[in-house]
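Beneath this line is the structure, given in structure tokens, with notes to follow.
The values are calculated or read from the model by the stated rules, or taken from the named source; none is laboratory data. All of these numbers come straight from a predicted model, not from anything done at the bench. Every residue, glycine as well, gets a Cβ built from its backbone with ideal geometry; the counts of neighbours run over all protein chains shown.
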Amino acid sequence: MASNSPKPILKVLLCSPRGFCAGVVRAIESVERALAIYGAPVYVRHEIVHNRYVVDGLRAKGAIFVENLSEVPDDHAPVIFSAHGVARAIPEEAARRNLFTIDATCPLVTKVHREAEIHFRRGREIVLIGHAGHPEVVGTMGQLPPGSISLVQTMRDAEEFTPRDVSKLAYVTQTTLSVDDTGAIVELLKKRFPGIVGPHKDDICYATTNRQDAVKRVAPIVDAMIVVGSPNSSNSQRLKEVAEKAGCPRAMLVQRAADINWSEFGGVKRLGITAGASAPEVLVEEIMGAFAERFTLETETITATEEGVFFPLPRPLREHEAAE
């Protein structure tokens, strides 16, 4: 027999900004435009962005995701490099094979690559603050000869790092790190090596910073926080960590509504929701809908800042549009 008892009230605080950043919009649109212009298949080296829903949607439209260029046939189908960037050897291999490539690397990642190249040309040893194995880190370290860049992941790494020459030292960072954790590592490096050279403008991107700022406002005043995003998304994982450090009792990374463990929300009166930079808003809406089936929602948006950043499409796609 159906219960007529009213649904409990749940106050939902939506973080803003959340979800797609300009680099992710550009990368996804690059695949969609390439499919529209050249037809399927379009090959994409690595997931274009770290979100299963996005990748599955593009795969259904004719994108083929590969991890190595050896998986791409010599049939002149476009090959797109993901938003995370690639090592220098990848476009060099593509050029040797005369593959038609479109580089959808986020311009803010490209900025880090260029900084590293400038430091290298000036004879500096480079410290890269980042997470081992992440494609962005692999791509940045792959811009220069082996041994040019040393990876520092933790405060302990920064404490133990020994440069070849303290007077010729610089640092760059992955764009999707925790702002506070990275700041602490940078301060330690500066304390140990006062002459270390940093970027003119922080490498951690505007979107990562803004989304973490919004989470810091919401996390201390809610009983739980949902971060919509994929487990392999660095910026999404950092949002979960930031929520926990900011005082949220329970923070969880959720990909889809079907992944929600409802037993964790029994006593929740106030819920925060945000989304990583590679998570589409449709997934936030899906999760909101699932909560609306069980609770009477009272929704409020907490805004840290307004975003208006836009990146143009890669040149081959812009040139095709201009010729139309």
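Data for the structure
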| read-out | value |
| --- | --- |
| Yes/no for residue 314 being of a type outside the set (D, E, K, R) and within 22 Å of residue 57 (Cα to Cα) | yes |
| Set 253, 271, 239: member being assigned to a helix (DSSP H, G or I) and touching a strand residue (DSSP E or B) at 6+ places or on another chain (Cβ under 7 Å) | 239 |
| Residues that are of a type in the set (A, V, I, L, M) and under 30 Å from residue 19 (Cα atoms), drawn from region 70-100 | 79, 80, 83, 86, 87, 90 |
| Selection within region 274-324 - hydrophobic (A, V, I, L, M, F, W, C) and assigned to a strand (DSSP E or B) | 275, 297, 302 |
| Residue in region 91-108 that is out of contact with any helix residue (DSSP H, G or I) (no Cβ under 8 Å at 6 or more places or on another chain), of a type in the set (Gly, Ala, Ser), within 30 Å of residue 282 (Cα to Cα) and outside the structural domain of residue 161 (by TED's automatic domain parsing) present | no |
| Residue among 3, 16, 70, 30 that is over 19 Å from residue 134 (Cα atoms), at pLDDT below 95 and either hydroxyl-bearing (Ser, Thr, Tyr) or under 23 Å from the mean Cα position of the chain (by Cα) (or both) | 3 |
| Residues that are of a type in the set (Gly, Ala, Ser) and surrounded by 14 or more Cβ atoms within 10 Å (Cβ to Cβ), drawn from region 271-311 | 272, 275, 276, 277, 278, 279, 290, 292, 304 |
| Where a residue in region 35-61 is among the small types (Gly, Ala, Ser) and its partner, wherever it lies, is at pLDDT 95 or above, with Cβ under 8 Å and at least six apart | 39/62; 40/61; 40/62; 40/63 |
| Condition met for residue 43 (buried (at least 21 other Cβ atoms within 10 Å of the Cβ), modelled with pLDDT of 95 or more and among the aromatic types (Phe, Trp, Tyr)) | yes |
| Number of the condition not met by residue 263 [criteria: (1) of a type in the set (S, T, N, Q); (2) crowded, with 19+ Cβ neighbours inside 10 Å; (3) at pLDDT below 95] | (2) |
| Members of region 196-210 found to be modelled with pLDDT under 95 and of a type in the set (Val, Ile, Thr), listed by number | 204 |
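A quick yes/no check of all residues on (1) in a loop (DSSP other than H, G, I, E, B); (2) more than 19 Å from the chain's Cα centre (by Cα); (3) without any contact (Cβ under 8 Å) to a residue 24 or more places away in the chain; (4) more than 24 Å from residue 238 (Cα to Cα):
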{"residue": "109", "(1), (2), (3), (4)": "no, no, no, no"}
{"residue": "128", "(1), (2), (3), (4)": "no, no, no, no"}
{"residue": "131", "(1), (2), (3), (4)": "yes, no, no, no"}
{"residue": "147", "(1), (2), (3), (4)": "yes, yes, yes, yes"}
{"residue": "150", "(1), (2), (3), (4)": "no, yes, no, no"}
{"residue": "166", "(1), (2), (3), (4)": "yes, yes, no, yes"}
{"residue": "176", "(1), (2), (3), (4)": "yes, no, no, no"}
{"residue": "183", "(1), (2), (3), (4)": "no, no, yes, no"}
